[in-house]
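The values are calculated or read from the model by the stated rules, or taken from the named source; none is laboratory data. Just so it is clear, the model here is predicted, and its values are computed rather than measured. Positions of Cβ are generated from backbone atoms using ideal geometry, with glycine treated the same way; all protein chains shown enter the neighbour counts. Side chains included, ligands, DNA and RNA excluded: accessible areas come from the protein's heavy atoms. Shrake-Rupley method; radii C 1.70, N 1.55, O 1.52, S 1.80 Å.
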Amino acid sequence: MNKKKDEKVIKKYLLRKYSREISVEHLKSPNFDFWSHSDPWVLLNLVEKMFVYYKLVTFCGLDSKTFKEFLGEVYRNYNWNPYHNFNHAFCVTQMMFAIISKVDWFTTKEVFVLLISAFCHDLDHPGTNNKFQIAANTPLFKEQGGISILEKHHTCLTKRLLEKQMQLLKNFQAKEKKEILCEIELLILATDMAFHMEYYKSLKEIVGSFDRKNKEHRRKLRTALIKACDISNEARPFPVSNQWADCLLTEFFMQGDQESHLGLPVTPCMDRHAVDKGISQAQFIEQFTLPLFETLNQVLPLAPFVTNIKRNLQLYRELKEEI
Ligand code: 5GP
Ligand code: MN
């Protein structure tokens, strides 16, 4: 998709009324059939639907036009990488919506922070990971330093969009605005998988005695939620998740090719001559997706999500055995 096409999508979104009825109930399910709704124009309308459902445009004291323009600007700031693109941002946001809609005790401010963070968390992703930025000495590495390079970049862009460019938070008082931005930063930075075990352990510590009145517990839960949504493709039905696994491997292999081209060591999980999809997905699910969702399931009712993950794991294990 080129920039000209992107502008057409945004124009269509801003000017045309969207009349196709996709009910909010569909968006509340991990079984939402993403690939049959993957036209970006439709997706922008669906994101708006999720924000409107939680009255978040009103929460910001904005008119619908300003909010739509913000969503369009987010779209514009994603690159069409095979995996880290606007579709991924949509899926993470929809999964967040599906999860938080299972209970009624998230505050409007929390929902706003969670949905905005999910939607913006990979802005301007270059299609290569943090290790690559360092190894290839990229401009992003020079700009952001050595830790969580990409996540810092996504956070900077999100803050710039919210604060300056689109002024989405202009109606909040300075203190509340600062608090919201700080929470969003915390969540986007938490998506760096290099610190997964720390976040996972700190969730484990609280789930047994989770107290909704405890601010720290709620913050740890929010952090775990964005992480779970970020790695939630395997919580979807196999026909949906399997295509996402292909997108991820396409992007990984492109990085592997670049590494090889630059004379750098090829990252093992990105080596197109060595990786087996069934094995790598089964490992990822066992190590990350399933434990995180099972732990969250102790606080939120996520049984259907866990069922999907277990079914996919079984399918990938069977694939593994067939070799
Ligand atoms: P993100 O870069 O999307 O913010 O962080 C999530 C990271 O987790 C991805 O870059 C990718 O490395 C990893 N990841 C997420 N889902 C999967 C998956 O289904 N399989 C594998 N192998 N890795 C995944
Ligand atoms: Mn992501």
Among the aspartates and glutamates, which fall within straight-line cross-link reach of Lys17, defined as a Cα-Cα distance under 14 Å, with same-chain neighbours fewer than 8 residues apart omitted? Glu48
Given just the C-alpha atoms of region 62-104, how large is their convex hull per residue in cubic angstrom? 72
Contact order normalised by length for region 1-140, with contacts defined as Cα pairs under 8 Å and 6 or more residues apart; what percent is it? 28
The chain, relative contact order [Cα under 8 Å, separation at least 6], %: 18
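Looking at region 81-155, which trypsin sites (Lys or Arg not before Pro) are DSSP coil and have at most 16 other C-beta atoms within 10 Å of their C-beta? Kindly include the intermediate steps, with their values, before the conclusion.
Details: sites: Lys102, Lys109, Lys131, Lys142, Lys152; in loops: Lys102.
The qualifying sites are Lys102.
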Helix hunt in the chain: which complete DSSP H runs extend at least 20 Å axially by C-alpha with mean Kyte-Doolittle at least -1.0? 86-100, 174-189, 238-261, 303-322
Given points 7 Å out from each Cα along the Cα-Cβ axis, report the Gln165 to Gln243 separation in nanometres with one decimal. 2.8
Rg/Rh ratio calculated on Cα atoms of region 30-141 (Kirkwood radius): 1.01
What is the distance in Å between the Cα centroid of region 231-248 and that of region 197-229? 25
So which lysines can Lys227 reach, going by Cα to Cα under 17 Å and dropping same-chain residues fewer than 8 places off? Lys152, Lys201, Lys204
Between Ala89, Ala303, Ala282, find the one with the highest GNM mean-square fluctuation for the chain; connect C-alpha pairs within less than 10 Å. Ala303
So if I take the centroid of the Cα atoms in region 118-179 and the same for region 1-59, what is the distance between those two points in Å? 23
Can you tell me the accessible area per residue over the chain, all protein chains present, probe 1.4 angstrom, in square angstrom? 46
Please go through region 18-116 and write out the chymotrypsin sites (Phe, Trp or Tyr not before Pro) that DSSP classes as loop and that have at most 13 other C-beta atoms within 10 Å. Trp105
Trypsin sites (Lys or Arg not before Pro) restricted to DSSP loop in region 181-279 with at most 14 other C-beta within 10 Å: Arg212, Lys213, Arg272
Name the shape class, rounded, prolate or oblate, that the alpha-carbon gyration tensor gives for region 215-323, where a ≥ b ≥ c are the square roots of its eigenvalues, rounded holds for a/c under 1.5, and otherwise prolate holds if a/b is larger than b/c and oblate otherwise. oblate
Does the chain come out rounded, prolate or oblate by the C-alpha gyration tensor, with a ≥ b ≥ c the root eigenvalues, rounded set by a/c under 1.5 and, if not, prolate when a/b is larger than b/c and oblate if not? rounded
